Each structure stands twice: as structure tokens, then as C-alpha cells.
1. With +1 assigned to the C-beta of every Lys and Arg and -1 to the C-beta of every Asp and Glu, and no other charges, what is the dipole magnitude of segment 7-102 about the Cα centre in debye, to the nearest 20?
2. Could you derive backbone 3J(HN,Hα) for segment 40-48 from the dihedral phi with the Karplus parameters 6.51, -1.76 and 1.60 (θ = phi - 60°), listing whole Hz in sequence and x where the residue is Gly or Pro?
3. Provide the per-residue ³J(HN,Hα) series for segment 56-72, in order, calculated from phi with Karplus coefficients 6.51, -1.76, 1.60 and θ = phi - 60°, each as a whole number of Hz, with x at glycine and proline positions.
4. Report the Stokes-Einstein translational diffusion coefficient (µm² s⁻¹, integer) for the chain, Rh taken as the Kirkwood radius over Cα pairs, at 10 °C with viscosity 1.306 mPa s.
5. Ranked highest first by average number of other Cβ atoms within 10 Å, how do 25-35, 87-97 line up?
6. When the Karplus curve 6.51 cos²θ - 1.76 cosθ + 1.60 is applied with θ = phi - 60°, which whole-Hz ³J(HN,Hα) does each residue of segment 21-35 get, with x for Gly and Pro?
7. By counting other Cβ atoms within 10 Å of each Cβ, how are I37, I85 ranked from fewest to most?
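Bear in mind that the values in this text are calculations on the coordinates, not laboratory data. Keep in mind the model is a prediction, meaning the values are calculated, not measured. Glycine also receives a Cβ, built like all others from the backbone with ideal geometry; neighbour counts cover every protein chain displayed.
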Amino acid sequence: MAVVNIDRVLFVAAVLFLLGLTGVLTRKNILFMLISIEIMLNAAGLAFVAAGSKWHQPDGQAMFLFILAMAAAEVSVGLALVMQIWHQHKTMDVEDLNKLKDE
């Protein structure tokens, strides 16, 4: 059984979370923003699993299952909204959608 240092796992989780946050803040396409949110959720789940592993408790894995369920719900609702926006406006660019709001 390989022992992994929790500091390294939490560092990877932090890097993933920052990459997701950067994607949300810099991307203009709604689909890429949803993918970035998924990366952030997976980073949080990785941190929970690492913490549960450190204290030899299954709580981190249970929280990760809740995060996966929430991510699945978020994806289904998010993609339905994205499809509706595409159907109505024929664009995925957030800035173009903001222009529609101002008019």
C-alpha cells in the first residue's frame, strides 16, 4: 500500500481549484464555465477524501459522494439552461448575453 503525503494531495486539490476558478473568471463561453465549476467541485472532493484518509475516517468519501451527486444535478440543470440559451439566442458568449440584458 502506497502512502501519499496529505500535503501533496491538498496542494494538487488547491491547484485544481485555482485552475477551475481561473476558468470561471476568464472564460466567456458558458460551457467552459460549467466545466471549470466541475473542476472546482472535484478539487473540493479530493480535499475531503484526503482529509478523511488522514484521520482514517470514511467521512471524506461520503462527502465526495454528496459532491458527485450535486455535480450531476448541476450538470443536468446547467446543460438544460445552456441548450435553452442556445435555442433562443444562438450564442454561448456571456458578454453577448449581457448586451441583450441591457437592451
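1. Values: 7 positive and 8 negative charges, 19 e Å.
The calculation lands at about 100 debye.
2. Going residue by residue, I get 5, 5, 5, 5, 5, x, 4, 5, 5 Hz, with x marking Gly and Pro.
3. 6, 10, x, 4, x, 5, 5, 5, 5, 5, 5, 5, 5, 5, 5, 5, 5
4. Details: Rh = 15.4 Å.
The calculation lands on 103 µm²/s.
5. Values: 25-35: 14.5, 87-97: 11.9.
Output ranking for 25-35, 87-97: 25-35, 87-97.
6. 5, 4, x, 5, 6, 9, 6, 10, 8, 5, 4, 5, 5, 5, 5
7. Working: I37 18, I85 15.
Fewest-to-most ranking of I37, I85: I85, I37.
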